[in-house]
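The values are calculated or read from the model by the stated rules, or taken from the named source; none is laboratory data. A quick note: this is a predicted structure, and the numbers were derived from the prediction, not measured. Reconstructed Cβ throughout: ideal geometry from the backbone, glycine too, with neighbour counts over all protein chains shown. Please note that ligands, DNA and RNA were not included when accessible areas were found on the heavy atoms of the full protein model with its side chains. Shrake-Rupley method; radii C 1.70, N 1.55, O 1.52, S 1.80 Å.
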Amino acid sequence: MERTRAAKVFSDPAVTQSQTLPQVLLARAKATPAALAQRHKRLGIWREFTWADVLQRVRALALGLDDLGFGSGDSMMVIGENEPEHFWAEYAAQSLGGKVISVYPDQSSAEIHYLARDSETRIFLVQDQEQVDKCLEIAGDLEGIIAIVYWDDAGLWTYAHPLLRSYQAVSDAGARRHDQDPKLFEARVARGRPGDIAVLSYTSGTTSKPKGVMISQRYLFDNSARVMGAVEIAPGTEYLTYISPAWVTEQIFGLSIGLLAPMVVNFPEGPEEILDNIRELAVNALVFSPRQWENLASIVQARMLSAGPIRRAFYNWAMRVGRDVYVERLEGRRPSLAARLQLPLAEVLVLWHLRDNLGLRKARNAMSGGALMAPDVFRMFHAMGVKLRNVYGATEVGLLTAHMGESYKLETSGRWMQVNPVYGDPLEFRIAEDGELHVRGGSGFGGYFRKPDKTAEAQTRDGWYATGDAVSMTDDGELVFFDRVKDMRHLCNGHSYPPQFIETRLRYSPFIKDLMILGDQTRPFVAALINIDMEVLSRWVEENQLSFSTYTDLSQKPEILELIRAEVERINMLLPEGSRVRRFANFPKELDPDEGELTRSRKLRRAFLEERYADLVEAIYGGDHSVDLEIAVTYQDGRRGVLRVHVAVTDVEGAPRTARKQHAA
């Protein structure tokens with residue numbers, strides 16, 4: 001096992017002589033103006049941008065924003081997909097001493113209204129007509145809005161509103177201002193200091209209203225140095241930006257390390273083309289959420305389900321060889337001679353092609369962060385030859401641990417990162433009696449914007465940040481994340497279990513898209529509500545010559561219930577007796593963020609779901625065989641209705657006798 005590695009100590013003058021990201025950008029454009037900085041696929045063509053190109057666009061936009069009245073301390077909300085204009089807008093706002101709120105493009109107008117009011121947003125900078133419509137809907141109810149700027153004008157030619165400005169028009173005004181005063185932009189950038197608030201990164205709001213974490217320039221430099229010390233990121237690394245900048249991890253990787261390393265940041269054509277774009281680029285580094293990695297794994301599994309017997313046999317053999325070599329090495333063991341002899345053939349026939357088809361052939365730094373992911377998913381990618389690593393942290397204090405080196409434990413979140421002393425004290429941690437992780441050090445916790453009471457609540461009396469995560473440490477210094485402390489549960493018999501730990505393992509199944517584990521101090525056993533994967537199961541149904549009409553019909557078919565039961569039984573074999581899932585039911589409809597069942601980052605709203613499906617939960621614990629439900633739904637065209645459905649409850653091997661007796665009755 002590799003011990004903890006030192007933080008990155010920068011020697012590049014572009015970094016050492018800069019205190020903010022815009023200052024680094026200015027230095028890069030002066031030192032290497034013709035070097036490639038970014039690449040974007042638009043309308044099927046990859047377009048490249050040098051450092052001089054990026055600076056020219058950031059400078060023009062910044063001076064145009066300055067001309068509109070945006071300045072130091074002001075807030076700008078950016079709403080859109082990962083496109084160059086999104087990144088340029090962030091650098092432009094920070095060049096003027098402003099702060100950025102990056103927002104998921106599928107957030108509703110009501111959610112945007114809350115974020116804009118809370119952050120004191122002055123300018124909306126958005127991608128397209130959809131986002132313009134949302135902003136126009138709420139702008140009249142907000143104080144201080146000076147402009148709504150858009151960069152894709154499709155469908156907006158007939159719009160007339162005093163707040164509307166095109167990105168190009170604002171940039172053109174800024175370019176003219178630069179021609180009049182060539183020193184103005186550099187003077188604005190030179191004012192920047194490490195303590196300036198660069199970003200307000202909002203929490204997901206699963207338990208209360210989202211809070212804006214104040215992210216300073218020092219925080220971004222500090223966390224970049226931590227990451228670059230933990231994993232090797234060479235200058236010129238090809239990086240794919242896909243996770244939203246609304247997530248602080250992308251603020252660190254794409255927006256900060258992209259400048260500090262520097263990397264070549266690649267923007268996909270759109271979310272739907274991401275797999276094709278990854279395959280074209282074969283990037284060196286990428287960061288996905290656990291759900292996105294699980295989706296990739298499910299794609300491979302689903303394709304193998306529909307493959308012929310010979311192809312499936314070759315795939316299973318090659319993956320077994322990959323596990324026997326790559327996973328054994330990863331976990332610190334010496335592979336057998338037989339496996340090592342078979343590996344070259346497995347690579348030529350299967351494994352190389354798997355990596356190539358997924359666009360991971362050149363991926364030196366493939367990382368997962370944000371939540372727990374099943375070790376089985378890690379093992380699957382490592383068996384393919386993809387060195388997937390876990391990164392763990394908290395928005396408030398940054399990235400904390402990572403899998404380092406060539407050998408590490410997949411069940412852990414890795415070793416503690418180190419802090420460059422230029423940016424703060426070493427990271428320290430302690431584990432409270434209830435298992436909660438407390439952290440201090442580095443650039444520290446900057447607090448929640450305009451919420452001193454919430455800031456105080458997030459810290460202990462002696463100044464540690466309380467993460468709310470239940471963890472433990474292995475004997476050799478690796479962190480194991482179980483769940484949120486508030487989500488660790490006890491059954492009525494006193495048995496404690498981590499629901500998320502179980503969920504991640506079940507979610508690895510190609511047939512299960514999402515699920516929610518049930519069981520608390522009033523319940524005698526663990527149960528589950530499961531959201532099936534309609535895309536995979538519809539293919540399975542067709543291959544098995546079955547038929548279905550709707551998601552509801554598919555979710556309740558006896559053959560599907562039996563398939564899911566087998567998956568639950570398989571995972572139960574990995575769990576202690578008291579933590580095993582005894583009964584389950586399939587959700588009769590797809591979970592939907594527009595109905596409050598999921599957050600915009602696709603996290604379950606557990607309390608809401610338990611209330612919404614209360615009758616189903618009671619049927620599971622009452623031993624009923626099935627239950628009739630009435631569920632209020634919103635259709636895509638905005639109409640509201642009621643879904644009336646008969647939902648089955650299924651016993652799993654080892655169900656309690658009381659439940660079985662009631663079932664039989």
Cross-link list Lys513/Lys589; Lys134/Lys454; Lys211/Lys513; Lys30/Lys183; Lys409/Lys486: which exceed 23 angstrom alpha carbon to alpha carbon?
Lys134/Lys454; Lys211/Lys513; Lys409/Lys486
Take every DSSP beta bridge whose two residues both sit in the chain, then give the antiparallel share in percent to the nearest 5.
55 percent
Which order do the peptides 219-230, 555-566 take when ranked by the mean count of other beta-carbon atoms within 10 Å per residue, highest first?
219-230, 555-566
Between Glu611 and Ala31, what length comes free when the chain is fully extended (0.36 nm per residue of separation minus the Cα-Cα distance, one decimal in nm)?
202.9 nm
Less than 12 Å Cβ to Cβ from Ile517, Lys/Arg counted +1 and Asp/Glu -1: what total charge do the surrounding residues give?
+2
Could you sort Glu130, Glu436 by their accessible area in this structure, using a 1.4 Å probe and putting the largest first?
Glu130, Glu436
Round to a whole number: what % of the accessible area of region 330-466 belongs to carbon and sulfur, probe 1.4 Å?
52 percent
Let me check I've understood the local charge: for Asp356, count other residues with C-beta under 10 angstrom from its C-beta, Lys and Arg +1, Asp and Glu -1. What total comes out?
+4
Can you tell me which of 607-616, 120-129, 236-245 comes out highest on packing, and rank the rest after it, using the mean Cβ neighbours within 10 Å?
120-129, 236-245, 607-616
Can you tally the net charge around Ala346? Count Lys and Arg as +1, Asp and Glu as -1, for every other residue whose Cβ sits under 13 Å from the Cβ of Ala346.
+2
State in Å² the accessible area per residue of the chain; use a 1.4 Å probe, count heavy atoms of protein chains only, and round to the nearest integer.
42 Å²
Under the Karplus curve 6.51 cos²θ - 1.76 cosθ + 1.60, θ = phi - 60°, whole-Hz ³J(HN,Hα) for region 320-328, x wherever Gly or Pro sits:
5, 5, x, 5, 5, 10, 5, 6, 4
What size of dipole, in debye to the nearest 20, comes out for the chain about its Cα centre when the only charges are +1 on Lys and Arg C-beta atoms and -1 on Asp and Glu C-beta atoms?
1640 debye
Note on region 1-154, DSSP bridge orientation, antiparallel percent to nearest 5 equals 30 percent
Amide H neighbours of Leu164 under 5 Å, counting only residues 5+ apart in sequence or on other chains, H built in-plane at 1.01 Å?
Ile148
Helix-derived mean residue ellipticity, 222 nm - over the chain, DSSP H n ≥ 4, -39500 (n - 2.57), to 500
-10500 deg cm²/dmol
Tell me the carbon and sulfur percent of the accessible area for region 521-650, rounded to whole percent, probe radius 1.4 Å.
48 percent
About the Cα centre of region 309-412, how large is the charge dipole given +1 on each Lys and Arg Cβ and -1 on each Asp and Glu Cβ? Please answer in debye to the nearest 20.
340 debye
Once you put a point 7 Å from the Cα of Arg279 and another 7 Å from the Cα of Ser306, both along the Cβ direction, what distance in nm separates them?
1.3 nm
Please list, ordered by chain and number, the residues whose modelled amide H lies under 5 Å from the amide H of Glu238; skip anything fewer than 5 residues away on the same chain.
Val264, Asn284, Ala285
Quick one: pull the percent of accessible area on region 27-113 belonging to carbon and sulfur, 1.4 Å probe, ligands and nucleic acids left out.
52 percent
